[in-house]
1. Apply the Karplus parameterisation 6.51 cos²θ - 1.76 cosθ + 1.60, with θ equal to phi minus 60°, to every residue of region 171-185 and state each ³J(HN,Hα) to the nearest whole Hz, in sequence, with x for glycine and proline.
2. Let me have the relative contact order for the chain, percent, based on Cα pairs under 8 Å that are six or more residues apart.
3. Working out 0.36 nm times the residue gap between residue 17 and residue 60, then minus their Cα-Cα distance, what length gain in nm do you get to one decimal?
4. Quickly work out the residue 254-to-residue 170 label distance, labels modelled 7 Å from Cα along the C-beta direction, and quote it in nm with one decimal.
5. Which lysines, on any chain, are close to residue 302 with Cα under 30 Å apart, when same-chain ones fewer than 8 places away are left out?
Amino acid sequence: MTLLSIEHLNSHFMTVDGIVRAVDDVSLEIGENETLGLVGESGCGKTVLALSLLRLLSENTKTDGRVIYKGRDLLKLNERELRGVRGKEIAHIFQNPLSSLNPVLTVGFQISEPFLRHQGLKKSIANSRAVQMLGLVRIPSAPDRAKEYPHEFSGGMRQRAMIAMGLACSPSLIIADEPTRGLDVTIQAQIVELMKDLIKNSGASMLLITHDLSLAAQLCDKVAVMYSGEIVEYADIKEFFKGPAHPYARSFLESVPSRGMKPIRGISPSLINPPPGCRFHPRCDCSMDMCKSVHPPLTEVKDGQHARCLLYA
Ligand code: SF4
């Protein structure tokens, strides 16, 4: 069963230099109890796509298309309806918890807020639920830690606190944006284990935004590769790791440390003036003449594996 369906989503920023096409005609689906990894280099549009879903972008952004969640188009909800979805049905775990947590409020109070706002619990009950949530994300001495401020937490504990906030109201969908970024390898491994357990036990679906393919491999059922605002590959995670179809996806996989760390030649194109034809053609080793002028469609290569490449069109 599909939980979230993204259909022809565009998010463009109006700037003095021109229109930044951060998300360009993206269509994706996330099923119930499914984790989809959205991967790609920094600046390819992943975070903008995630923020577009709950309309969290600045006013100079023009977003259109459809984001169907449980039969309702999130792009058409009014502010009051949208507040009922944010944090309650769909939780967003932002990257960089230090800037996402309020420095002048205790961690416990911040975790209790969703219980107060969405479930109307009494303050004392909301506080004890916040302590329970801290225990759930394996923060030791949770009752004492709940009274502390974000700067008193380590980086890993702040990330756990963000996850606790996200899970507070048992959302159906969690959008996790680079949840392990900036953490050392040991803490990353602990967060990954924690997220695996929480996904399994909560039954929630997840959209995981990451540039880290090894993280996607550990947590995801499916993967979508984004390049220059577009989805260039979409596949079951096992099929993807057996052999990515799109030349960019192949290069991206070869660039990770466990696969030889081969850098991708060239630089990511401008989102204001992307190259005509295939946006990857200036960097592609398989490029043909027609790649410079023909924009490739997303084509099924085999059993659910799709690639946006003229080699398959
Ligand atoms: Fe490379 Fe052409 Fe395929 Fe683009 S369409 S990825 S340039 S082969």
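1. For region 171-185, the Karplus-derived couplings read x, 7, 9, 10, 9, 10, 9, 6, x, 10, 4, x, 9, 6, 4 Hz, x marking Gly and Pro.
2. Across the chain, relative contact order equals 19 percent.
3. Full extension from residue 17 to residue 60 adds 14.2 nm.
4. In this crude spin-label approximation the distance works out to 4.8 nm.
5. Counting by Cα, and skipping residues close in sequence, residue 302 has these lysines nearby: 46, 70, 196, 200, 222, 238, 242, 262, 292.
Every number here is computed from the coordinates shown, using simple stated rules; none is lab data. Quick caveat: nothing in here was measured; it's all calculated off a predicted structure. Note that each Cβ is placed from the backbone with ideal geometry, even for glycine, and that neighbours are counted across all protein chains shown.
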